[in-house]
Amino acid sequence: MFHHYKEAFIRLFYPAMCEVCRASLELEEAILCRKCSEDLDALAWPMDQTLVDESFEHLDHVWTVYAYDSPVKELLYGVKYARKDYLLKTCRKRAIGLAQAVISDHEYDAILPIPIDRLKLVKRHFNQAEVFAEMLGSRLMPPVQKSFLIKRRSIPSQTSLSQHERAINIYGAFKLRRLPRVRGGSFLLLDDVLTTGATANEAARLLKLHGARRIDLLALARTDHPQSISMKLKLGRS
Ligand SMILES: [Zn+2]
């Protein structure tokens, strides 16, 4: 209760604004206003649907928490370019729910955030896929392995490339450390935004080349909208 008064007092002088639309926040709201929170909820992918796509050749199953649209776009942009990690709190509950469902259904040996190259790491100071892994926190069993999969070189921007060009562009971009642990293993890749899937697919290709049995991907957001690819959705998690 005291905390509530204190918060009200602070907001008298420093009114809090919605991080996406800049509307003033009610006392019980944090980060997002009610409208933006509802918009965020509307972007959630159905939890029991795995995405299948011919471009995910080496990925067994792909799940995503949200469609990549406003306000997910603004939230991830804020994390990536303004270092506002706290914005991810808005996605936390749903992301943990999905991660727990996926993990409880499959026996993974490790969880691997998709790495970024050193140059990007120096520029941004963090890897967003790792921030996503940290957000899921200690609830993640099996362990998150950050230094297992390594990005060996800088990749020219993928944004203007077609799906096929992206696959060529990314080919050979990863390497593995501690190879003996891959054979027969089952791994869950984590990424922030899934666009064509070329990057995750390349990581999966390498892991399978070294004997991995199963590679799945959990992404925070996917650029397609659920309705637009409803034909590609496959029910069930197995
Ligand atoms: Zn808002």
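The values are calculated or read from the model by the stated rules, or taken from the named source; none is laboratory data. Since this is a predicted model, take the numbers as computed values, not measurements. Backbone-built Cβ (ideal geometry, glycine too); neighbour counts: all protein chains shown. These accessible areas exclude ligands, DNA and RNA; they are computed on the full protein's heavy atoms, side chains included. Shrake-Rupley method; radii C 1.70, N 1.55, O 1.52, S 1.80 Å.
Using the Cβ of I168 as centre and a radius below 13 Å, the other residues enclosed give a net charge of 0, where K and R count +1 and D and E count -1.
Against the criterion of solvent-accessible heavy-atom surface with a 1.4 angstrom probe, I31, I111 sort, most first, into I31, I111.
Take the Cα of S162, step 7 Å toward its Cβ, do the same at Y77, and the gap between the two points is 2.9 nm.
Only protein heavy atoms count here; on that basis, with a 1.4 Å probe, S154 has an accessible area of about 60 Å².
Shown here for the range 68-170: GluC sites (Glu not before Pro) in loop regions (DSSP other than H, G, I, E, B) with at most 14 other Cβ atoms within 10 Å, namely E107. Working from label points 7 Å from Cα in the Cα-to-Cβ sense, the L119 to L12 distance is 5.3 nm.
Model label points for R177 and T223, set 7 angstrom from Cα along the Cα-to-Cβ axis, are 3.0 nm apart. Computing Rg and the Kirkwood Rh from the Cα coordinates of the range 43-235 gives a ratio, Rg/Rh, of 0.92.
Rounded to the nearest 20 debye, the dipole magnitude of the range 43-235 is 840 debye, with +1 charges on Lys and Arg beta carbons, -1 on Asp and Glu beta carbons, and the Cα centre as origin.
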